[in-house]
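To keep things clear, I will list the structure first and then write my remarks on it.
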Amino acid sequence: MSPVDEILAQVPLGDLAARLGVDESTAERAARQALPALLGGIQANADDPAGAASLAGAVQQHDESLIDGGVDLGQVDTADGDKIVSHVFGAQRETVVNQLGGIGALGAPAGGAAPGAQAALGGQDGSGLIAKLLPILAPIVMSYLAKKLSGSQGSGGLPGAGGGAGGGLGDLLGGILGGGAQGQGGGVLGGGLGDLLGGLLGGGRK
């Protein structure tokens, strides 16, 4: 099961759709575009040593229990999520949101064969929907990574937020995403989205 599927399996799509004001199928399609972007953006940051150490510290601050047994969206701190999204995408946040809002199917080029953002997202404003969704999903992604990182460390728990933690997080992300930030076939990102994030973030924001 891919990281996107693992995360979505814990997210109540009915509640998410109600929060977004769309139907469940639209909420799921939007989440399947937003989640790879978040994971890929985090991986791109983790490729930079300073970014990796910062992200490892941020992961430590998130309770992995949020992802256990199904996410309660009422427990999701969207203000925290907004900060995470800003950290991951930096000055490119608006560009990423606009590009994701124009991607019809995962990995389809923005403005390509897909019938356009509004048609792709059930007649909704694609960019507006993605902008609203990212801060909801970001804390869930961080809790997912906290759980994965904790499991990878065995009974020792999460490592400290030093250089070793950065390496641990980078290795973890590389393992679960399968090189997705490069848009490789086996990765979580399709070619179009992988190319987009790779170009915007340059393999790690400085």
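The values are calculated or read from the model by the stated rules, or taken from the named source; none is laboratory data. This is a predicted model, so every value here is computed, not measured. Ideal geometry is used to build each Cβ from the backbone, glycine not excepted, and the neighbour counts take in all protein chains shown. We work out accessible area using only protein heavy atoms, side chains counted, and drop any ligands, DNA or RNA first. Shrake-Rupley method; radii C 1.70, N 1.55, O 1.52, S 1.80 Å.
The residues in segment 61-70 that are surrounded by fewer than 17 Cβ atoms within 10 Å (Cβ to Cβ) and outside any helix (DSSP H, G or I) can be counted, and the count is 5. With respect to the conditions (1) of a type outside the set (Gly, Ala, Ser); (2) more than 12 Å from LEU133 (Cβ to Cβ); (3) surrounded by 24 or more Cβ atoms within 10 Å (Cβ to Cβ), LEU38 falls short on a single one, namely (2). Checking each residue in segment 1-20 for being open to solvent by 30 Å² or more (accessible area, probe 1.4 Å) and either in contact with a strand residue (DSSP E or B) (Cβ under 8 Å, 6 or more places away or on another chain) or without any contact (Cβ under 8 Å) to a residue 12 or more places away in the chain (or both) picks out MET1, ASP5, ALA9, GLY14, ALA18. Can you find even one residue in segment 48-60 that is open to solvent by 10 Å² or more (accessible area, probe 1.4 Å) and touching a Leu at 6+ places or on another chain (Cβ under 7 Å)? Yes, some residue in segment 48-60 is open to solvent by 10 Å² or more (accessible area, probe 1.4 Å) and touching a Leu at 6+ places or on another chain (Cβ under 7 Å). In summary, THR95 fulfils each of the numbered conditions (1) under 16 Å from ALA27 (Cβ atoms); (2) modelled with pLDDT of 85 or more; (3) of a type in the set (S, T, N, Q) with the single exception of condition (1). Taken over segment 71-83, residues that are open to solvent by 20 Å² or more (accessible area, probe 1.4 Å), under 11 Å from PRO135 (Cβ atoms) and in a helix (DSSP H, G or I) amount to 5.
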